[in-house]
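K.L.:
First the structure, which I've put down as structure tokens, then a few questions once you've had a look.
The values are calculated or read from the model by the stated rules, or taken from the named source; none is laboratory data. Remember, predicted model here, so these are calculated numbers, not experimental data. All Cβ positions, even for glycine, are placed from backbone atoms using ideal geometry, and neighbour counts span all protein chains on display.
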Amino acid sequence: MKNMKTKILITVFSLFLFASCSDVLDISPDGTQTLDEIFSDESTTGGYLSSCYQSFPGFSYRYVGLENLPTAISDDAWSIGRNGANSASLYLGAVTTVGNNNKLGYMKGMFGNNVSAWKYFYLRIRRINVFLSRIDTAAVPSETERAQWTAEARVLRAFYYTELINRYGSVYLLTEPTEVGFDETTLELSTYKEVADFIISECREAMKSDELPWRPELSTDFRRMNKSIAAALKSRVALFMASPLFADGQNYWEEAEAICKESLDELLAHDFELYTTVRNTSVFGDNAYQEYSTSTRDYSSSPVDKETILATNNVGTNWNYQGLPINNAVSAGMAPTQELVDAYPMTNGKYILDLAKPYNDAKHLSPNFASGSGYDETNPYVDRDPRFYATVYYNGSTALNQQNKQITIETFRTGNSSIMGSNTKRTQTGYYPRRHYHPLQRRGRNVAVSWRYMRLAEIYLNYAECAIENNHLTEALAAIKPIRDRVGMPNLDEVEGVTIDQDNLRLMYRNERRIEMAYEETRYYDVRRWTAPGDDMDVIRYATGMWIEKSVDGTLTHMRFQVGDSYDPETQTWTGEGLEKACYSSKYLLHPHDALEVSRILNSTGVDIQNPGW
């Protein structure tokens, strides 16, 4: 390291990655101290590392309109698009690459006003590069802190790079501070695989540090990087790099399986386990999945919650913004689609639709029912997978109203929670979201719920997917079994009449991943990575719901409909062409770069970094 002051690119410049010399300051992020001054004091050395976490993404319902944008634009939900929520523009395809109208690149509300993911993550990566270049000689409270902070910074940089490549695909892999006069023309985009290799290597190296803990023991450390997050990052990027969207035609499944198995084994060996024991049986009965989904993470050396790897924040008001009319909620939020409801099997493990061809038509109005499942179209919500009841409010389910009384939810046309056109307090699909909704929440009582961005169940599933792709079916089934056991469902090979081969198990696995991880942002990325470059994501194009008519004798008639269509009870006819999510087309596989950034880099390097279709 040079002893003289070295001017480093650490400030936010006019756009994202490059800047002119006039933008460069050899100062701290707040502009008050030089880097030499910062790293000569142990308190400001630690403070500089803290600045690398600045405005850490909360995910969950932190997007504009208090919706979870990735869930809203997947095929699991249809959002009412309240208060300028970006989902409305994405449904219409009203997206450009210019500024805040770049609804994917900016995800306004997640990274700050006028801040894109590209800008947000690279600013923090640059800070980490400076930190790592200085930490070896910096003033620190002890050598223990020096080792921990070094490992922590490496994992944090790996986290940011993971978020970048999952959005943009190819990115610039910068690992050293960038000095004034740096020749920008030498930069080359790195492939997903190249960056994934770096992430995995960095996580492995960081995990060698004895000082880096496996989990946070204090609530104040809830976002700090640790070994469990490093293990989860390895698993996630290994799975993604082998997936069709990012594999560049190569077969990385064997490598990915080994890495995912390594991560799973590491976590299991260090006291991570699925949340399987219900603590409050009076509220949750025997549904541990529901209690876990609506609880807060606890912190100690041996916590009750040993499944959570990273919880980014607590939410307590989703009853109001992803809520119910009976509770006078401001918004119905992201209503579950009929497609998601159809994904939940019966308690005997049998699927209600043929997974290979679930619908007979493109618009999903003609379901291709599987024979012998026990599903009853006139009574469709009985005997379903317990995760269904933890995820969806449906006609006949119950919830507390604002007077703290248990009320039956009526989604039939004349009911208390029926569909009402464009009324944002009412569902657009005939269902309301229940995941992350604590049963005791209501107006006047907020109940905090932790948003889990990484958890052990995902690591089990990541390994299972790689094993399936390598035709290691026994290993895959063994990895899926603990997840099914938690909710009392037979494992996939224990379902009567099921055929276990690679193709069938792949279909069952993808369905299992969908319902286990519902409303966790996972489905958004899964649909994309399972799609080959240049292909459209037809599975998300159309969304359907369930319209229910109640006759004078109490008989209910269930009718599937395409979201956006209208029903005339007098003529008993449907009108309209329905709506579609324009963001199903292939260009939405990757996020677009800002047009000004594309122009800047093109002028500087001669390379057009814009993703296909934009």
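K.L.:
Please state which one of ARG82, ARG62, ARG127 is basic (Lys, Arg) and closer than 30 Å to ARG510 by Cβ.
P.N.:
ARG62 is the lone residue from the list that is basic (Lys, Arg) and closer than 30 Å to ARG510 by Cβ.
Matching residues to (1) over 29 Å from VAL315 (Cα atoms); (2) under 25 Å from the mean Cα position of the chain (by Cα); (3) surrounded by 20 or more Cβ atoms within 10 Å (Cβ to Cβ):
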site: ALA362; (1), (2), (3): yes, no, no
site: ARG387; (1), (2), (3): no, yes, yes
site: VAL392; (1), (2), (3): no, yes, yes
site: ILE419; (1), (2), (3): no, no, yes
site: ARG434; (1), (2), (3): no, yes, yes
site: ARG442; (1), (2), (3): no, no, yes
site: ARG445; (1), (2), (3): no, no, no
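K.L.:
Now for a different question. Those residues that are crowded, with 20+ Cβ neighbours inside 10 Å and hydrophobic (A, V, I, L, M, F, W, C), I need them from the range 569-608; list them, please.
P.N.:
CYS583, LEU589, LEU590, ILE601
K.L.:
Still on this structure, please answer the following. What's the number of the condition THR312 fails, among (1) under 30 Å from PHE272 (Cα atoms); (2) without any contact (Cβ under 8 Å) to a residue 40 or more places away in the chain?
P.N.:
(2)
K.L.:
Go through the range 216-235 and report how many residues are basic (Lys, Arg), surrounded by fewer than 24 Cβ atoms within 10 Å (Cβ to Cβ) and in a helix (DSSP H, G or I).
P.N.:
So the count comes out to 1.
K.L.:
Give me the residue from the range 504-547 that is assigned to a loop (DSSP other than H, G, I, E, B) and closer than 30 Å to SER450 by Cα and, out of that set, farthest from the chain's Cα centre (by Cα).
P.N.:
ALA543
K.L.:
Keeping to the range 240-284, report how many residues are surrounded by 13 or more Cβ atoms within 10 Å (Cβ to Cβ), hydrophobic (A, V, I, L, M, F, W, C) and assigned to a helix (DSSP H, G or I).
P.N.:
Residues flagged as surrounded by 13 or more Cβ atoms within 10 Å (Cβ to Cβ), hydrophobic (A, V, I, L, M, F, W, C) and assigned to a helix (DSSP H, G or I) within the range 240-284 amount to 13.
K.L.:
Spot the failing condition for ASN68; the list is (1) modelled with pLDDT under 90; (2) of a type outside the set (D, E, K, R); (3) buried (at least 24 other Cβ atoms within 10 Å of the Cβ), and only one is missed.
P.N.:
Status for ASN68: all satisfied but (1).
K.L.:
Just wondering, is there one or more residues in the range 593-614 that are part of a helix (DSSP H, G or I), touching a residue at least 40 places away in the same chain (Cβ under 8 Å), among the aliphatic types (A, V, I, L, M) and touching a Ser or Thr at 6+ places or on another chain (Cβ under 6 Å)?
P.N.:
Taking every residue of the range 593-614 in turn, at least one turns out to be part of a helix (DSSP H, G or I), touching a residue at least 40 places away in the same chain (Cβ under 8 Å), among the aliphatic types (A, V, I, L, M) and touching a Ser or Thr at 6+ places or on another chain (Cβ under 6 Å).
K.L.:
Being within 27 Å of ALA72 (Cβ to Cβ) and among the aliphatic types (A, V, I, L, M) is true for just one of MET537, MET489. Which residue is that?
P.N.:
MET537
K.L.:
Taking the range 285-303 only, how many residues are surrounded by fewer than 19 Cβ atoms within 10 Å (Cβ to Cβ) and either within 25 Å of VAL155 (Cβ to Cβ) or under 17 Å from the mean Cα position of the chain (by Cα) (or both)?
P.N.:
The total comes to 7.
K.L.:
Here's another thing I want to ask about it. If you go through the range 15-26, how many residues are touching a helix residue (DSSP H, G or I) at 6+ places or on another chain (Cβ under 7 Å) and either at pLDDT 65 or above or under 14 Å from LEU123 (Cβ atoms) (or both)?
P.N.:
4
K.L.:
To continue, here is another question. Would you tally the residues in the range 309-328 being of a type in the set (Gly, Ala, Ser) and out of contact with any Ser or Thr (no Cβ under 9 Å at 6 or more places or on another chain)?
P.N.:
1
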